[in-house]
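Before any comments, here is the structure.
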């Protein structure tokens with residue numbers, strides 16, 4: 001087994017082959033001192049070793065050798081030898097042995113308890129919890145028949161923290177669909193919640209069936225994103241689910257034990273979700289597309305403590321929901337498609353970003369994507385009570401307008417464009433007034 005050069009071995013398979021044993025045996029020998037190195041942060045199984053180090057270890061500790069009494073020795077013979085040693089020396093030997101045993105046990109205990117969970121990754125057969133050095137702390141095997149995932153596919157969503165406020169951390173992670181997603185963004189099918197030591201606490205496998213006047217829409221649902229926020233000091237997990245093919249979507253709110261506490265259904269896909277604190281209550285702000293409005297971009301303001309309900313649709317229309325939970329959002333805004341969105345055949349605009357900027361709340365719509373060379377966004381600014389402050393286009397609006405003029409796709413100049421001062425119309429809904437029209441930028445001469 002000696003070789004003239006000090007080679008580097010880059011996997012358990014190569015290490016086991018060099019030692020002429022199987023991989024499981026090599027992993028077991030590592031626990032007794034086999035000089036194997038882990039690449040920091042590289043994930044499970046990324047190990048390497050040098051043949052010179054392995055040769056030196058083999059020379060000092062033969063594989064499979066178990067220390068025991070010398071051949072022919074007996075407990076009586078050992079006791080007679082010990083009796084010849086002075087009692088003071090005997091006491092020293094016993095004390096040293098006790099200290100050594102304590103140190104060994106302490107090191108083993110420390111190695112098994114101190115290393116905190118850093119991430120959860122997917123192996124071929126299930127989840128593995130890793131520490132910051134990439135060492136496996138625990139494994140959870142998935143049931144037989146679970147979808148086979150391509151190599152390298154990993155969860156897009158993960159969280160490690162104290163959800164319950166009891167001082168114990170948990171890990172939230174997702175299990176993807178095996179096939180690529182339609183929009184290359186939403187491809188998660190289940191949520192798993194593990195204790196830090198790898199016990200499965202709960203999981204969410206969405207199997208909702210929503211009934212509208214247009215028909216029924218059931219699983220599979222794609223988990224697009226989640227938000228963790230607080231209600232009266234208790235954690236809530238708001239999860240966005242979008243239908244794999246059709247337009248319905250929903251926000252499902254869970255407590256720290258995985259129990260559903262609310263459900264909001266929207267007639268159109270939800271692309272963004274954020275949580276915010278207002279003066280009176282926690283809020284969830286959802287944005288995306290409302291199919292009943294054109295389709296057009298929307299912003300929904302939900303009560304974070306009681307988010308159940310539906311988007312405000314005509315109950316007689318195809319988007320009227322038959323089995324959705326009762327209730328409505330606090331406010332609901334629809335941002336109609338811009339001229340640039342229509343002329344570029346972008347099919348719909350969408351609320352792609354929601355954020356707080358100082359004392360105001362901004363919703364940003366994507367009117368034209370970057371594939372048109374010039375991206376165009378709509379900017380809608382609200383006060384804390386969601387009264388409208390201003391609405392404007394990004395600088396790309398005028399630039400794209402002039403480009404389309406030159407190409408002959410627009411037959412009026414920028415100075416003649418009715419949209420040049422900003423979005424001319426916003427549709428607003430609240431439980432007291434129903435639908436009203438806002439005109440933030442009336443036509444000017």
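The values are calculated or read from the model by the stated rules, or taken from the named source; none is laboratory data. All values reported here derive from a predicted model rather than from experimental measurement. Positions of Cβ are backbone-derived with ideal geometry, glycine not excepted, and every protein chain shown enters the neighbour counts.
In the set 141, 135, 124, 156, only one residue is out of contact with any strand residue (DSSP E or B) (no Cβ under 9 Å at 6 or more places or on another chain) and either surrounded by 13 or more Cβ atoms within 10 Å (Cβ to Cβ) or over 18 Å from residue 188 (Cβ atoms) (or both); that residue is 124.
Taken over the stretch 432-444, the criterion of being in contact with a strand residue (DSSP E or B) (Cβ under 9 Å, 6 or more places away or on another chain) and either at positive phi or touching a residue at least 24 places away in the same chain (Cβ under 8 Å) (or both) is satisfied by 435, 438, 440, 441. Here residue 160 fulfils each of the conditions (1) at pLDDT below 85; (2) in a strand (DSSP E or B) apart from (1). Whenever a residue of the stretch 1-26 is in the same structural domain as residue 54 (by TED's automatic domain parsing) and on the phi > 0 side of the Ramachandran plot, its partners that are outside any helix (DSSP H, G or I) and modelled with pLDDT under 85, lying with C-beta atoms within less than 8 angstrom and at least six residues away or across chains, give the pairs 20/1. Candidates in the stretch 363-380 are the residues that are within 30 Å of residue 301 (Cβ to Cβ) and surrounded by fewer than 16 Cβ atoms within 10 Å (Cβ to Cβ); of these, the one that is modelled with the lowest pLDDT is 370.
Residues in the stretch 239-253 that are assigned to a strand (DSSP E or B) and under 9 Å from residue 217 (Cα atoms): 243, 248. Checking the stretch 414-427 against the condition returns a match, with at least one residue being within 22 Å of residue 359 (Cα to Cα), in the same structural domain as residue 349 (by TED's automatic domain parsing) and within 34 Å of the chain's Cα centre (by Cα). Exactly one residue among 405, 339, 399 is buried (at least 18 other Cβ atoms within 10 Å of the Cβ) and either over 23 Å from residue 300 (Cβ atoms) or modelled with pLDDT of 95 or more (or both), and that residue is 339.
Of the residues that sit in the stretch 275-300 and are closer than 19 Å to residue 234 by Cβ and in a strand (DSSP E or B), which one is modelled with the lowest pLDDT? Give the derivation first.
Here is the first cut: in the stretch 275-300, the residues closer than 19 Å to residue 234 by Cβ are 275-278, 280-284.
Then keep just the ones that are in a strand (DSSP E or B); that gives 275-277, 282-284.
Details: 275: 97, 276: 95, 277: 92, 282: 96, 283: 97, 284: 98.
If we take residues in the stretch 275-300 being closer than 19 Å to residue 234 by Cβ and in a strand (DSSP E or B), then 277 is modelled with the lowest pLDDT.
Taking the stretch 274-304 as the range and being in contact (Cβ under 8 Å) with a residue 60 or more places away in the chain, surrounded by 16 or more Cβ atoms within 10 Å (Cβ to Cβ) and more than 17 Å from residue 380 (Cβ to Cβ) as the test, only 304 passes. Within the stretch 166-189, the set of residues being at pLDDT 90 or above and surrounded by fewer than 18 Cβ atoms within 10 Å (Cβ to Cβ) comprises 166, 167, 168, 169.
Quick one: which residue in 351, 360 is closer than 16 Å to residue 425 by Cα and either buried (at least 19 other Cβ atoms within 10 Å of the Cβ) or in the same structural domain as residue 285 (by TED's automatic domain parsing) (or both)? Spell out the reasoning first.
Numbers: 360 fails: closer than 16 Å to residue 425 by Cα.
One residue alone meets the criteria, 351.
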